[in-house]
Amino acid sequence: MSKKLPPLNPLKVFDTVVRTQNLTKAAQELHISQSAVSKQLNVLQTYLGVELFRRERHGISLTYSGQRYAEAINPAFDMLSKATEDLMRSGSDSTLRIQTYTTFAAKWLIPRLSDFNSKHPDITVKITNSVSNVDFDRDNVDLAIQMGNGAWPGQDSDFLFEDIIEPVCSPEFLKLHAPDARYPQALLRVRLLVSHFRPHDWKTWAKLCRYDQEIERTEQMRFSSSILTWQAAADSLGIAIGQTTLLVDDLKKQKLIAPFNLPVKTGLSYYLVRPQLQRHSRKVEIFRSWIATQLELLQHPA
């Protein structure tokens, strides 16, 4: 059933006149002329077929019907006003809500957040984990970090870095199973560690690097996430496919090593995603600027 709504602009004028109890004050608040106020009231009365006001020597007064109507619609305007304030406040409060993958959060974002917190102590970062692409109509977040090609309808995106993969293992695993580091392919015949959410990485890398046959019959051990897969590699359970940029700290500390030194681009990239039609709040712009600085440091370390 369709809803019976009066013309909304005249209704807004009517509510303002009732609240101010004066045509001149209502005109000043609405930034229109007093005659325009009178015209809008007449439009509403004509639509309703009911007299709402009576003109008197010192102004106007509400009729009985006008008073009843005013009392009925005033709560609706209050609800509209509150809903609008709440919606606008959600984008301007001090909490920055970010959705991303558990792996990205744990291996790249969280280790750098102390720097963000020290520079912007007034902004609280709240991280939500999801493997699905963000839907800003559904998900209560300000930003998302996700993989793709950068083209998502209704969303703007900032390129962060390419998804680059290569095998990683512990130094102990390399020493035990490929004592001659010039021939790391021996590692591919021991045990491959596979992440549930990235099951095709080994085939992608092996095909591009011509190691297809080396991994055809190799035992596999599977894990529910990349984080667990890389932890298993660090504990010498086998060799895993690593995402080079996410493992930059582990590789630098030599918790993991890349014995082949053959990084491969998957064709996807990481992006910082935000709603296209939403006003960009201060906290969003601050985070965008901060993450751009972090990427610059990644490319050009001091």
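The values are calculated or read from the model by the stated rules, or taken from the named source; none is laboratory data. Every value quoted in this text rests on a predicted model; they were computed, and no experiment measured them. Here the Cβ is made from the backbone with ideal geometry for all residues, glycine too, and neighbour counts use every protein chain on show.
If I filter the stretch 146-186 down to residues being assigned to a loop (DSSP other than H, G, I, E, B) and among the aromatic types (Phe, Trp, Tyr), which single residue comes out as surrounded by the fewest Cβ atoms within 10 Å (Cβ to Cβ)? Spell out the reasoning first.
Within the stretch 146-186, the first condition is being assigned to a loop (DSSP other than H, G, I, E, B), and the residues that meet it are 149-154, 170, 178-183.
Narrowing the set further to residues that are among the aromatic types (Phe, Trp, Tyr) leaves 152, 183.
On the way: 152: 18, 183: 10.
Among those that are assigned to a loop (DSSP other than H, G, I, E, B) and among the aromatic types (Phe, Trp, Tyr), it is 183.
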Subject >> Among (1) at negative phi; (2) modelled with pLDDT of 95 or more, the one test that residue 236 misses >> reply: (1)
Original post:
Is at least one residue of the stretch 191-210 closer than 19 Å to residue 174 by Cβ and part of a loop (DSSP other than H, G, I, E, B)?
Top reply: yes
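Going residue by residue through the stretch 110-133, is there one that turns out to be crowded, with 20+ Cβ neighbours inside 10 Å and within 25 Å of residue 247 (Cα to Cα)? Can you show your working first?
Going residue by residue through the stretch 110-133, those that are crowded, with 20+ Cβ neighbours inside 10 Å are none.
There is no residue in the stretch 110-133 that is crowded, with 20+ Cβ neighbours inside 10 Å and within 25 Å of residue 247 (Cα to Cα).
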**OP:** Name the single residue, out of those in the stretch 146-174 being of a type in the set (Asp, Glu) and either outside the structural domain of residue 285 (by TED's automatic domain parsing) or modelled with pLDDT of 95 or more (or both), that is farthest from the chain's Cα centre (by Cα).
**Re:** 172
Subject >> Close pairs (6 angstrom Cβ cut-off, 6 or more residues apart or separate chains): touching a residue at least 60 places away in the same chain (Cβ under 8 Å) and closer than 16 Å to residue 298 by Cβ in the stretch 248-268, of a type in the set (Val, Ile, Thr) and outside any loop (DSSP other than H, G, I, E, B) anywhere >> reply: 263/164
**OP:** Scan the stretch 184-207 and report the pairs whose first residue is at pLDDT 95 or above and whose second residue is part of a strand (DSSP E or B) and hydroxyl-bearing (Ser, Thr, Tyr), with Cβ atoms within less than 8 Å and a gap of 6+ or a chain change.
**Re:** 201/195; 201/266; 204/266
**OP:** Would you please name the residue that is farthest from the chain's Cα centre (by Cα), looking only at residues in the stretch 1-26 that are under 17 Å from residue 52 (Cβ atoms) and among the aliphatic types (A, V, I, L, M)?
**Re:** 23
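Taking residue 48, is it closer than 19 Å to residue 73 by Cβ and free of Cβ contacts under 8 Å to residues at least 40 places away in the same chain?
Numbers: closer than 19 Å to residue 73 by Cβ: yes; free of Cβ contacts under 8 Å to residues at least 40 places away in the same chain: no.
Against the criterion (closer than 19 Å to residue 73 by Cβ and free of Cβ contacts under 8 Å to residues at least 40 places away in the same chain), residue 48 does not qualify.
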**OP:** May I ask you to say which residue of 61, 33, 38 is over 30 Å from residue 146 (Cα atoms), at pLDDT 90 or above and over 38 Å from the mean Cα position of the chain (by Cα)?
**Re:** 33
